[in-house]
Amino acid sequence: MTNVAFLGVAHIHTPGFIEKIKQRTDTTITHIWDHDTARAQKRAEETGAKAVADFNIILSDPTVDAVVICSETDKHEDLVIPTALAGKDVFVEKPLGYASSDAYEMAAIIETAGVLFQTGYFMRGNRNLIFLKDQIDKGHFGKITRVRASNCHSGALGRWFDTEWRWMADPEIAGVGAYGDLGTHVLDILIWFFGDVEKATALLNDGTAAYEDCDETGEGLLQFTSGTIGTLAAAWDDIADPVTLQISGTEGYAYILRGELYFNSKHVEGADGKTVWTDLPDAVPSGFDAFLEAINGNEDVRLLNASDVAYRSAVMEALYDGAKGGWWAVPARP
């Protein structure tokens, strides 16, 4: 049995992560800590775990194999570093860092410690995206000139962040608003597909103004070092997000409409772009699911590299800097 502890249970994904662990027969939650003791006690009662007042109790316990950090973003550094130094495998909910500097510092310590690491980038397990990554790598789109990605939901319209999750709509705590919260997922995919970002900028807006001093919607512009021009939309103000990805190349194109892939390439038989493309690879564990598999000995799953994840924080920081200053910003490097 693999023993898991939570350091922080503030994130909106915490209940879902707890449910995933409950559904497994090889993993159990043994301890829960949060700076808000009432919040920790609530989750402890739900899981049968022990609520502790000092997270060092967890880090010094040799029976705890892995730690899940779902705290507020501005507390990540104070939790991630001692967790890695204690030799515990660690899942950190995205974004890894409040900014690029703390993200890079955490990544360096995680990698030096040699512990397993993962964050919540679940999209890499999607069949459509795995297929497109392979087609890009094979050159089946020719020269890709532009890409458009979108990740939006109705969180502000539904007032999801009014009560228990209110901190997520406070950039002073979360580090970002809606744009960074949702945009980081598709940013991960874009960098996975097209590599490093030379420069970035964005336009952000408070949308419905449901949450004071918090962006609810935005559109970013990315210049990849490969030459591809990318746009990235993310918002809490959308009633739907029907077209989530468009890729345009000199020898093919693709788009995802309501979850269905349409694919055109002169290099692939039958890829006319007119009907749904169904010849897809299997989905694979990703995000939190991949972490649970890895800590239970599945060596076939692919976890993320902490430095790569920190770089995503740096690019998102550049997008916000560009939006604030009205200029192009270059992502920071360690």
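The values are calculated or read from the model by the stated rules, or taken from the named source; none is laboratory data. Remember, predicted model here, so these are calculated numbers, not experimental data. Cβ atoms come from the backbone with ideal geometry, glycine included; neighbour counts cover every protein chain shown.
For the stretch 253-273, check the following and say yes or no: at least one residue is acidic (Asp, Glu) and under 30 Å from residue 334 (Cα atoms).
The first filter runs over the stretch 253-273 and keeps only residues acidic (Asp, Glu), leaving 260, 269, 272.
Next, only the ones that are under 30 Å from residue 334 (Cα atoms) stay: none.
No, the stretch 253-273 contains no residue that is acidic (Asp, Glu) and under 30 Å from residue 334 (Cα atoms).
Does any residue of the stretch 262-285 turn out to be closer than 23 Å to residue 95 by Cβ and outside any helix (DSSP H, G or I)?
Yes, the stretch 262-285 has at least one match.
Which residues, taken from the stretch 225-245, are farther than 26 Å from residue 157 by Cα and out of contact with any Leu (no Cβ under 9 Å at 6 or more places or on another chain)?
Let us first name the residues in the stretch 225-245 that are farther than 26 Å from residue 157 by Cα, namely 225-230.
The answer is 225, 226, 227.
Considering only residues that are in a strand (DSSP E or B) and more than 19 Å from the chain's Cα centre (by Cα), look in the stretch 222-251 and name the one that is farthest from residue 193 (Cα to Cα).
Checking each candidate, the answer is 243.
Residue 107 fails exactly one of the following numbered conditions: (1) in a helix (DSSP H, G or I); (2) surrounded by fewer than 23 Cβ atoms within 10 Å (Cβ to Cβ); (3) not assigned by TED's automatic domain parsing to the domain that holds residue 203. What is the number of that condition?
Of everything listed in (1) in a helix (DSSP H, G or I); (2) surrounded by fewer than 23 Cβ atoms within 10 Å (Cβ to Cβ); (3) not assigned by TED's automatic domain parsing to the domain that holds residue 203, residue 107 misses just condition (2).
Looking only at the stretch 193-221, count every residue that is closer than 16 Å to residue 319 by Cβ, part of a loop (DSSP other than H, G, I, E, B) and among the aromatic types (Phe, Trp, Tyr) and tell me the total.
Going through the stretch 193-221 one residue at a time, the tally reaches 0.
Do you know which residues across the stretch 76-104 are assigned to a strand (DSSP E or B) and aromatic (Phe, Trp, Tyr)? Please lay out each step first, then the result.
Just the residues of the stretch 76-104 that are assigned to a strand (DSSP E or B), to begin with: 89-92.
Of everything in the stretch 76-104, just one residue is assigned to a strand (DSSP E or B) and aromatic (Phe, Trp, Tyr), namely 91.
Of everything in the stretch 110-140, what is under 15 Å from residue 282 (Cα atoms) and outside any helix (DSSP H, G or I)? Give them in sequence order.
Once the filter is applied, which keeps residues that are under 15 Å from residue 282 (Cα atoms) and outside any helix (DSSP H, G or I), the stretch 110-140 yields only 126.
Might you let me know whether the stretch 305-312 holds any residue that is within 30 Å of residue 64 (Cα to Cα) and of a type in the set (Phe, Trp, Tyr)? Please lay out each step first, then the result.
Taking the stretch 305-312 and keeping what is within 30 Å of residue 64 (Cα to Cα), we get 305-312.
Right, trim to of a type in the set (Phe, Trp, Tyr) and you get 311.
Yes: one or more hits.
Among the candidates 74, 34, 89, which residue alone is acidic (Asp, Glu) and either in the same structural domain as residue 187 (by TED's automatic domain parsing) or within 25 Å of residue 298 (Cα to Cα) (or both)?
Of 74, 34, 89, the one residue that is acidic (Asp, Glu) and either in the same structural domain as residue 187 (by TED's automatic domain parsing) or within 25 Å of residue 298 (Cα to Cα) (or both) is 89.
Would you confirm, using the coordinates I've provided, whether residue 309 is among the β-branched types (Val, Ile, Thr) and either crowded, with 22+ Cβ neighbours inside 10 Å or assigned to a strand (DSSP E or B) (or both)?
Yes.
Take the residues in the stretch 111-137 that are among the aromatic types (Phe, Trp, Tyr) and within 21 Å of residue 291 (Cβ to Cβ); name whichever of them is farthest from the chain's Cα centre (by Cα).
Checking each candidate, the answer is 117.
Given the residues 254, 294, 318, 332, which is the only one that is under 23 Å from residue 121 (Cα atoms), part of a strand (DSSP E or B) and out of contact with any Lys or Arg (no Cβ under 7 Å at 6 or more places or on another chain)?
None of the others qualify; the one that does is 254.
When only residues in the stretch 312-334 that are small (Gly, Ala, Ser) and surrounded by fewer than 16 Cβ atoms within 10 Å (Cβ to Cβ) count, which is farthest from residue 115 (Cα to Cα)?
Top of the filtered list is 326.
Is it the case that some residue within the stretch 264-274 is in contact with a His (Cβ under 9 Å, 6 or more places away or on another chain), at pLDDT 95 or above, crowded, with 17+ Cβ neighbours inside 10 Å and aliphatic (A, V, I, L, M)?
Within the stretch 264-274, one or more residues are in contact with a His (Cβ under 9 Å, 6 or more places away or on another chain), at pLDDT 95 or above, crowded, with 17+ Cβ neighbours inside 10 Å and aliphatic (A, V, I, L, M).
When you check residue 39 against the structure, is it among the charged types (D, E, K, R), free of Cβ contacts under 8 Å to residues at least 40 places away in the same chain and closer than 26 Å to residue 180 by Cβ, yes or no?
yes
Return a yes/no flag: does the stretch 207-222 have any residue that is among the charged types (D, E, K, R), surrounded by fewer than 22 Cβ atoms within 10 Å (Cβ to Cβ), in the same structural domain as residue 136 (by TED's automatic domain parsing) and farther than 19 Å from residue 322 by Cα.
yes
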